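A.B. asks: If you scroll down you'll find the structure; I have some questions about it.
The values are calculated or read from the model by the stated rules, or taken from the named source; none is laboratory data. Bear in mind the structure is a predicted one, so any value in this text is a computation, not a measurement. When we count neighbours, we look across all protein chains shown, and the Cβ atoms used for this are built from the backbone with ideal geometry, even at glycine.
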Amino acid sequence: MPSTKKRMRFLAAIAASIFALVAAIPVYAADTLTPSPVTTTLVAGTSTTVDKTLNLDGLPARADIIVAIDTTLSMTAPIAMAQADANNLCSTVQGSIPGARFAAVDFEDYPGMPGGSGIDTPYTLLTPGFVSSCASFAAALATMVADGGGDLPEAYNRTFFEAYSDAAYAAPVAAGGRDPLATQFLVVLGDATPHDATGFGSCASSPPDDFGRDGAPGGGDDLTTAGTLAGLAANSITLLMIRYTTGGVSVALPCYQSVAAATGGTAVDDSGVGTIGPFIVANAKLVPYTADLAISAGCPIGFSFNPTFPTGPMTGTASIPFVETITAPTIVGSYSCAITATTDPGGPTLAVETVNVDVTPDVPATLDLQPATATNTVDAQHCVTATVQDQFGNATPGITVDFSVAPTPGRVPTSGTAVTDALGQATFCYTSALPGSDTITAFADTDNSGTQDVGEPSSTATKDWVLPGSGAGCKVTGGGRITTADGDKATFGGNAKGAGPSGQEEYQDHGPAAAMNLHSIDVLAVVCSADGLSASIFGTATIDGTGSVDYRIDVTDNGEPGSSDTYEIRLSNGYDSGVQTLVGGNVQVHKPGGGAAAHAAAKLSRAATVHASRSDTKAAAPKAPNRGHAATAHQSSKAPKGSKGK
């Protein structure tokens, strides 16, 4: 410790300069990751690139700073200034390093020579590890009392050692322990030299070595300056030292500079009010660091970077251009992730990028047609649903699906289109008047060309149409003449019973459009309506004595004398007479299980309705049917049996 005379000169000169807060601390540009946010729409599984720039101000986002003050008697005035300005010092540093935490240490020497005075204390941690609260830091400094000393060397080496050995720093971060992501500093303010710092600049040879925790020289745990500085460096703790030069202090600045340099730090003379905060911040920019990019946990968006991260070691500000590749998830939806620039040491920075990706379906890859098989009676509506998905199983809405129905040979095909909904589904419905089997084909017409191109997915389903059950009491008789939809004259006659079923039907188209003579082979089903006014007859027949076709005859019995009755015949070869009112003749439908009076009343009512309708409308020319495969037949002038009225 310096003499009393020197100490007084020191106090007078330093009292107004130590630990004063700067009026304006250096301002550094904020860390940024630009551009941000990035919002894009991508097809599932595809990628896009964005040119990015990471700008770093070189300051860590967090730091653990131990402020250790020599509290021997010569430091009375500096201690008082530190206590007065502790809050400002803390808040100033946190203004540039938001996550800065502080620990407060006072040190003197070991009690009794060859240490110091009998009241010296070599090391005291005044805070519970590191604290973020400036008020807590200031309260710790407020407990410091200057006393003791008595010679030049003090227990600096013990302070160096405890910076990486104190158990308080090994506690969890939340309990004040050292943050492994933080930049580590030990800032020492003093006016003396470590014990026996020979070899470090102009440091004086002041034996013996620091006594260590056992407090006894030569006790086995003595601390050397070289050893404790190596410990600081091994634990990535940068030593910063501030020397007070007034008052005739004998320690030379090169001593402090050489000691601090062993850890990558530096030392300066106190230069007046407001120097401590800028000194800490400026040196924080000199600590080597690497930068990396951290993607938010659970992010389903894929990212890659060129050049890759982490970077190599850097110091100070940095501007890093790179290309970011964004790969969409394979499932349709809206996604948002964050990318945070991190530094080591330092942890997460304020450079954060938000990436928003709307994922749309890929092109159709599969088409599933359901039900794959089905059986229905004729006249029932049958619907199939095509579900169109991309290669990842996403629904593909807005896709035109072409449906085509290929029936068993001789029956008329049909087709249609529908557009997929939000679930990627399109539905097609149709009916069949005749029995048989259909193959339904659907394909995703992605280019709306109407034809299936390579790569457009398709699927098939099968459909069986069967005859309805016959009504046991249903019976149809009669015959007559009609004009077909294409203008041919035709005659018909026959009888059919649901019991069995049994009967015989004849039909002759006299041409010229489709001349033929049809003779039934079998009556397979006879169905009457509940009111007994209409009926359908199903069976097989020959045309001009050859082959076999399915036929269906639909009649209505609109009462006597029969001029309002209707008749239609449809064949599996595509022939269709159309629904025609009789030109002559009569049709009789016998209601199953119905009374004669009720049956007659129903027919009278139907006849009145038909008569009124005819009075109000003009007859229109019949429309030619879609015959599909037209039957080959010859002209016949012979009317079928039963063609005359009753």
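A.B. asks: Does Gly455 meet the test of being assigned to a loop (DSSP other than H, G, I, E, B) and either assigned by TED's automatic domain parsing to the domain that holds Asp554 or under 24 Å from Asn376 (Cβ atoms) (or both)?
C.D. replies: Working: assigned to a loop (DSSP other than H, G, I, E, B): yes; either assigned by TED's automatic domain parsing to the domain that holds Asp554 or under 24 Å from Asn376 (Cβ atoms) (or both): no.
Criteria not met by Gly455.
A.B. asks: Listed residues Ile295, Ile280, Ile326, Ile320; which is at pLDDT below 95 and not hydroxyl-bearing (Ser, Thr, Tyr)? Lay out the reasoning, then the answer.
C.D. replies: On the way: Ile295 fails: at pLDDT below 95; Ile326 fails: at pLDDT below 95; Ile320 fails: at pLDDT below 95.
The unique qualifying residue is Ile280.
Every residue, every condition in (1) part of a strand (DSSP E or B); (2) over 25 Å from Ile79 (Cα atoms), yes or no:
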{"site": "Asp179", "(1), (2)": "no, yes"}
{"site": "Leu186", "(1), (2)": "yes, no"}
{"site": "Phe200", "(1), (2)": "no, yes"}
{"site": "Cys203", "(1), (2)": "no, no"}
{"site": "Ala216", "(1), (2)": "no, yes"}
{"site": "Gly219", "(1), (2)": "no, yes"}
{"site": "Ala226", "(1), (2)": "no, yes"}
{"site": "Gly231", "(1), (2)": "no, yes"}
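A.B. asks: Now, a different point. Where in segment 262-327 are the strands (runs of 3 or more DSSP E), entirely inside, with at least 2 residues that are free of Cβ contacts under 8 Å to residues at least 60 places away in the same chain?
C.D. replies: Working: elements: 266-269, 290-295, 302-306, 318-327.
Qualifying strands (runs of 3 or more DSSP E): 266-269, 290-295, 302-306.
A.B. asks: Further question on the same structure: If I filter segment 62-115 down to residues being free of Cβ contacts under 8 Å to residues at least 60 places away in the same chain and charged (D, E, K, R), which single residue comes out as farthest from Pro217 (Cα to Cα)?
C.D. replies: Asp106
A.B. asks: For segment 502-534, name all the residues that are farther than 16 Å from Ser572 by Cβ and assigned to a strand (DSSP E or B). Don't jump to the end; show me each part of the working.
C.D. replies: Residues of segment 502-534 that are farther than 16 Å from Ser572 by Cβ, as a first pass: 502-504, 506, 508, 510-513, 515, 517, 526-534.
Within segment 502-534, Ser502, Gly503, Gln504, Glu506, Gln508, Asn517, Val526, Val527, Cys528, Ser534 meet the criteria.
A.B. asks: Please find, within segment 149-167, the residue that is modelled with the lowest pLDDT out of those that are among the small types (Gly, Ala, Ser) and in contact with an Asp or Glu (Cβ under 9 Å, 6 or more places away or on another chain).
C.D. replies: So the first thing to find is which residues in segment 149-167 are among the small types (Gly, Ala, Ser), and the list is 149-150, 155, 163, 165, 167.
Narrowing the set further to residues that are in contact with an Asp or Glu (Cβ under 9 Å, 6 or more places away or on another chain) leaves 149-150, 155.
Values: Gly149: 76, Gly150: 70, Ala155: 92.
Taking the candidates together, the pick is Gly150.
A.B. asks: Then there's this: Looking only at residues in segment 467-493 that are part of a strand (DSSP E or B) and out of contact with any Phe, Trp or Tyr (no Cβ under 9 Å at 6 or more places or on another chain), which one is surrounded by the fewest Cβ atoms within 10 Å (Cβ to Cβ)? Walk me through it before giving the result.
C.D. replies: Applying the first criterion (part of a strand (DSSP E or B)) to segment 467-493 yields 475-483, 489-493.
Going one step further and asking which of them are out of contact with any Phe, Trp or Tyr (no Cβ under 9 Å at 6 or more places or on another chain), we end up with 475-477, 483, 489.
Details: Lys475: 21, Val476: 26, Thr477: 18, Thr483: 17, Lys489: 14.
Across segment 467-493, the extreme among qualifying residues is Lys489.
A.B. asks: Let me ask another. Consider Gly410 carefully, then state whether it is farther than 30 Å from Gly574 by Cβ, outside the structural domain of Ser296 (by TED's automatic domain parsing) and assigned to a loop (DSSP other than H, G, I, E, B).
C.D. replies: Values: farther than 30 Å from Gly574 by Cβ: no; outside the structural domain of Ser296 (by TED's automatic domain parsing): yes; assigned to a loop (DSSP other than H, G, I, E, B): yes.
So Gly410 fails the test.
A.B. asks: Also: Take segment 367-380 and flag every residue that is part of a strand (DSSP E or B) and either of a type outside the set (Ser, Thr, Tyr) or not assigned by TED's automatic domain parsing to the domain that holds Ser432 (or both). I'd like the intermediate steps shown before the answer.
C.D. replies: Going residue by residue through segment 367-380, those that are part of a strand (DSSP E or B) are 367-370, 373-377.
Residues satisfying the conditions are Leu367, Asp368, Leu369, Gln370, Ala374, Asn376.
A.B. asks: Okay, next question. Under the condition of being of a type in the set (Gly, Ala, Ser) and surrounded by 18 or more Cβ atoms within 10 Å (Cβ to Cβ), which residue from segment 516-533 is nearest to Ser548 (Cα to Cα)? Break it down stepwise before answering.
C.D. replies: Initially, segment 516-533 is screened for residues of a type in the set (Gly, Ala, Ser), giving 520, 525, 529-530, 532.
Filter once more, keeping what is surrounded by 18 or more Cβ atoms within 10 Å (Cβ to Cβ): 520, 525, 532.
On the way: Ser520: 9, Ala525: 17, Gly532: 30 Å.
Out of the qualifying residues, it is Ser520.
A.B. asks: Name the one entry in Ala499, Ala513 that is at pLDDT 95 or above and surrounded by fewer than 21 Cβ atoms within 10 Å (Cβ to Cβ). Talk me through it step by step, then tell me what you get.
C.D. replies: Working: Ala499 fails: at pLDDT 95 or above.
Being at pLDDT 95 or above and surrounded by fewer than 21 Cβ atoms within 10 Å (Cβ to Cβ) holds for just one of Ala499, Ala513, which is Ala513.
A.B. asks: In segment 556-581, how many residues are part of a loop (DSSP other than H, G, I, E, B) and closer than 28 Å to Gly410 by Cβ? Please lay out each step first, then the result.
C.D. replies: Here is the first cut: in segment 556-581, the residues part of a loop (DSSP other than H, G, I, E, B) are 557-565, 572-575, 577-579.
Now drop any that are not closer than 28 Å to Gly410 by Cβ, which leaves 572-575, 577-579.
Total satisfying the criteria: 7.
A.B. asks: When segment 63-109 is examined, which residues are found to be under 38 Å from the mean Cα position of the chain (by Cα) and surrounded by fewer than 24 Cβ atoms within 10 Å (Cβ to Cβ)?
C.D. replies: Gln94, Gly95, Ser96, Ile97, Pro98, Gly99
A.B. asks: I need the full set of residues from segment 56-74 which are touching a Phe, Trp or Tyr at 6+ places or on another chain (Cβ under 8 Å) and either of a type outside the set (Ser, Thr, Tyr) or in a strand (DSSP E or B) (or both), in order please. Steps first, answer last, please.
C.D. replies: Pass one, segment 56-74, residues touching a Phe, Trp or Tyr at 6+ places or on another chain (Cβ under 8 Å): 57-60, 63-71, 74.
Within segment 56-74, Asp57, Gly58, Leu59, Pro60, Ala63, Asp64, Ile65, Ile66, Val67, Ala68, Ile69, Asp70 qualify.
A.B. asks: Next question. Only one of Ala168, Ala146, Ala138 is in a helix (DSSP H, G or I), among the small types (Gly, Ala, Ser), in contact (Cβ under 8 Å) with a residue 40 or more places away in the chain and buried (at least 19 other Cβ atoms within 10 Å of the Cβ). Can you tell me which? It would help to see each step written out before you state the result.
C.D. replies: On the way: Ala168 fails: buried (at least 19 other Cβ atoms within 10 Å of the Cβ); Ala146 fails: in a helix (DSSP H, G or I).
The conditions single out Ala138.
A.B. asks: For segment 237-263, enumerate the residues that are at pLDDT 95 or above and more than 25 Å from Met81 (Cα to Cα).
C.D. replies: Ile237, Ser258, Val259, Ala261, Ala262, Thr263
A.B. asks: Okay, moving on. Of these, Ala80, Ala103, Ala86, which one is assigned by TED's automatic domain parsing to the domain that holds Thr183 and modelled with pLDDT of 95 or more?
C.D. replies: Details: Ala80 fails: modelled with pLDDT of 95 or more; Ala86 fails: modelled with pLDDT of 95 or more.
Answer to the selection: Ala103.
A.B. asks: When segment 328-345 is examined, which residues are found to be within 19 Å of Gln391 (Cβ to Cβ) and surrounded by fewer than 16 Cβ atoms within 10 Å (Cβ to Cβ)?
C.D. replies: Matches in segment 328-345: Ile331, Gly333.
A.B. asks: Report whether or not Pro397 is more than 28 Å from Tyr507 (Cα to Cα) and part of a loop (DSSP other than H, G, I, E, B).
C.D. replies: Yes; evaluated as a whole, the condition is true for this residue.
A.B. asks: Separate question: Looking only at segment 145-158, decide whether some residue is closer than 17 Å to Ala86 by Cα and in the same structural domain as Leu181 (by TED's automatic domain parsing).
C.D. replies: Yes, segment 145-158 contains at least one residue that is closer than 17 Å to Ala86 by Cα and in the same structural domain as Leu181 (by TED's automatic domain parsing).
A.B. asks: Return the residues of segment 310-324 that are under 26 Å from Val357 (Cβ atoms) and surrounded by fewer than 16 Cβ atoms within 10 Å (Cβ to Cβ); say none if nothing qualifies.
C.D. replies: Selection gives Pro310, Pro321, Val323.
A.B. asks: While we're looking at this one, here's another question. Among the residues in segment 124-134, are any in a helix (DSSP H, G or I) and in contact (Cβ under 8 Å) with a residue 40 or more places away in the chain? Quick ask: steps written out before the conclusion?
C.D. replies: At the first step, the residues of segment 124-134 found to be in a helix (DSSP H, G or I) are 134.
Adding the requirement that they be in contact (Cβ under 8 Å) with a residue 40 or more places away in the chain leaves 134.
Within segment 124-134, one or more residues are in a helix (DSSP H, G or I) and in contact (Cβ under 8 Å) with a residue 40 or more places away in the chain.
A.B. asks: Taking interchain pairs and intrachain pairs at least six residues apart, which have beta carbon atoms under 7 angstrom, with the first residue in segment 225-237 and in the same structural domain as Ala103 (by TED's automatic domain parsing) and closer than 16 Å to Pro194 by Cβ and the second modelled with pLDDT under 95 and loosely packed, with under 15 Cβ neighbours inside 10 Å?
C.D. replies: none
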